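Trainee: Have a look at the structure that comes next, please.
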Amino acid sequence: NSFLKESFFTSNETLYEILTNYLKDYFNIFDEDSKLLGIVFREIIRQTSNTLPTISQVSSSIGMSERTLRRRLANEGTSFQEAKNTARRKWAKYYLSKSNLSLTEIAFELGFSELSAFSRAFRHWVGETPQAYRNRIKKL
């Protein structure tokens, strides 16, 4: 959030609006959660590139031991696996509602090896297919 308060200099007002709105969306997508969960969610998404990060990778990047991260997540009533699933669900909803990426590209971005695996997971999380969700959101 402090990053959003920094001045951004550009002579292109449209580019400024696009970047500002994107950053606001990015930083606000996880704000309804606790501070720790928001940090963990953002770090999981940041590190997801074809494969999901491990708890070791995430804990190291946020300057915390694995054990401490597990304990603090347990105090929040969740686990690292649940945090990964929640981060992916929220990010999937964001991609489906705010981007024109294909479903296959979204699946790949979220660390799924196949579109069918993403579709099954999304249906389990939300109760409808990714395409049905995208169509419903676009109608709103």
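Trainee: So what are the ³J(HN,Hα) numbers for segment 97-108, from phi and the Karplus equation (6.51, -1.76, 1.60; θ = phi - 60°), rounded to whole Hz, Gly and Pro as x?
Mentor: 8, 10, 10, 10, 5, 6, 4, 5, 5, 5, 4, 5
Trainee: When the convex hull of the C-alpha atoms of segment 43-140 is computed, what volume per residue in Å³ does it have? All intermediate terms of the calculation are to be shown ahead of the outcome.
Mentor: Numbers: hull volume 9.8 nm³, N = 98.
It is 100 Å³ per residue.
Trainee: Pop out the ³J(HN,Hα) list for segment 59-68 in order, Karplus 6.51 cos²θ - 1.76 cosθ + 1.60 with θ = phi - 60°, rounded to Hz; leave Gly and Pro as x.
Mentor: Computed from phi, the couplings for segment 59-68 are 4, 5, 6, 9, x, 9, 6, 4, 4, 5 Hz.
Trainee: Let me ask something else about it. In debye, nearest 20: dipole of segment 76-138 around its Cα centre with unit charges on the Cβ of K, R (+) and D, E (-)?
Mentor: Values: 11 positive and 6 negative charges, 54 e Å.
Computed about the Cα centre, the dipole is about 260 debye.
Trainee: What accessible area, in Å² to the nearest ten, does a 1.4 Å probe give for Glu17?
Mentor: 110
The values are calculated or read from the model by the stated rules, or taken from the named source; none is laboratory data. No experiment lies behind these values; they were computed from the predicted model shown. Virtual Cβ from ideal backbone geometry, glycine too; neighbours counted across all protein chains shown. Ligands, DNA and RNA are excluded from the accessible area calculation, which covers all protein heavy atoms including side chains. Shrake-Rupley method; radii C 1.70, N 1.55, O 1.52, S 1.80 Å.
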